[in-house]
Amino acid sequence: MSSMQDKVLMMEIRNIPLFKVNMPPETMDALRSTLYSGYITSGPKVIEFEQKLGDFICTRQLLCVSSCTHAIELALRAMDFGPGDEIISSPLTCIATNMPVMVFGARIRWADVLPDTGNIDPASIEPLITPRTKAIIYVHWAGNPANIDAINSIAKKHGLKVIEDAAHAFGAEYKGSKVGLHSDFVVFSFQAIKHITTGDGGLIVCKDAKDFERIKALRWFGLDRERFKGRDELRWTLDIQEYGYKFNMNDIDATLGLAQLPYIGGVLKTCRRNGRFYDRELADVPGVTVLRQEESANSAYWLYTLLVDRREDFVDFMKSKGIATNIVHTRNDTYSCFKDFKEDRPLPGLEEFAKRYISIPCGWWVVEDDAQYIVDAVREFFR
Ligand SMILES: Cc1ncc(COP(=O)(O)O)c(C=O)c1O
């Protein structure tokens, strides 16, 4: 077959997914060893995973948990969130950012988002603050850090707690340090398609040592397992001061995470290479708007979101080229489960963003030739 025929064939069978599970080949040996070690719940592997994650983010005040959703619930519990309290949140995120609020019978006030990033608009937060407001929660959309300083300074002025939902943003940086170090609580997800996966799993980083100690106990029935290390017979003899949850990570999940951590540098490098390539190559395409990054932010490019005209036709066209696209998350304020939080207040930034946003493949599986192919397809559609 001639090389031209090869090329035609390659184009015909191209199939570029939006997400792909990363599972290094050596995972199986590590997993086998944990599975037959005689210890599979939270134990030495979780401790080792936490140590290595701490080295990566540069903090010791972090805890592995069963999911990012549970990490948010734990953060809310640690601030004694409850009925009558209010939280200001971004509507443009995974439902997992907002659903934990429902557990506490509290109220969500929807902030607007910036139409050029999809991140929460700090200017829309302050007018929503009432004497009942207790916290602000927001996502770093696509892994692109929001204006963390602006949000923290509003929170400080009004005595509010902040939860950064960094489920998209593992490895992202803000002002030269890793996302994770800037707010009261920062939560990450290790769910199947994240930069690091443990199947399901999450991480919470606490700024305050008291929050850290409390959450360490809350994640496992109100008991800090480390206190009983090697003295398991004492575990149930001491008083449990407050009820907790079964939100711990187990050693099987931590083994998966440990097998992946050595690859995170390469994953981030490829995602950033692809993301920056799109930033450059798509900036001047009529009908396309590339998103802005905050000054001093270094996106993790978990997603590559762009704004496009004629979105439905664009999606069909990309599909015909074997390129997966998706909006990934729908604005939360339109779901019936959040109907009690509906207000007659315009969210113009969200309206503008929601009409045109779409994500294209940019992860570690997108090789340079694929990225060029994707750029060519976008250009072809808008020609
Ligand atoms: C922004 C955001 N927050 C939270 C979550 C929930 O993560 P988990 O599945 O680990 O609970 C996700 C999951 O994709 C997410 O995208």
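Things to note:
- Segments classed as helices (runs of 4 or more DSSP H), wholly inside region 242-328, with at least 2 members that are under 24 Å from the mean Cα position of the chain (by Cα) and not small (G, A, S): 251-260, 264-282
- Looking only at region 322-355, and only at residues there that are closer than 17 Å to R379 by Cα and buried (at least 19 other Cβ atoms within 10 Å of the Cβ), the one that is farthest from the ligand (Cβ to nearest atom): I323
- Residue check for I196: within 15 Å of the ligand (Cβ to nearest atom), closer than 24 Å to D80 by Cα, of a type outside the set (D, E) and within 19 Å of the chain's Cα centre (by Cα): no
- Here F56 clears all of (1) more than 9 Å from the ligand (Cβ to nearest atom); (2) open to solvent by less than 10 Å² (accessible area, probe 1.4 Å); (3) not acidic (D, E) except the condition numbered (2).
- Qualifying position, being assigned by TED's automatic domain parsing to the domain that holds Q61, away from the ligand (no atom under 16 Å from the Cβ) and under 26 Å from G265 (Cβ atoms), among K175, K156: K175
- Boolean, P91 is within 13 Å of the ligand (Cβ to nearest atom) and either within 28 Å of Q51 (Cβ to Cβ) or not assigned by TED's automatic domain parsing to the domain that holds F338 (or both): yes
- Qualifying residue in region 107-115 (condition: part of a helix (DSSP H, G or I) and basic (K, R)): no
- Among residues of region 355-368 that are in a loop (DSSP other than H, G, I, E, B), those with a beta-carbon under 8 Å from a residue that is open to solvent by 10 Å² or more (accessible area, probe 1.4 Å) and acidic (D, E) at least six positions away or on a different chain give the pairs P361/D370.
- Qualifying residues in region 107-142 (those that are surrounded by 20 or more Cβ atoms within 10 Å (Cβ to Cβ) and among the small types (G, A, S)) - the one farthest from L291 (Cα to Cα): A135
The values are calculated or read from the model by the stated rules, or taken from the named source; none is laboratory data. Owing to the predicted nature of the structure, the values given are computational and were not obtained by experimental measurement. In this analysis, Cβ positions are derived from the backbone assuming ideal geometry, glycine residues included, and neighbour counts consider all displayed protein chains. Just the protein is used for accessible areas: all its heavy atoms, side chains included, with ligands, DNA and RNA removed. Shrake-Rupley method; radii C 1.70, N 1.55, O 1.52, S 1.80 Å.
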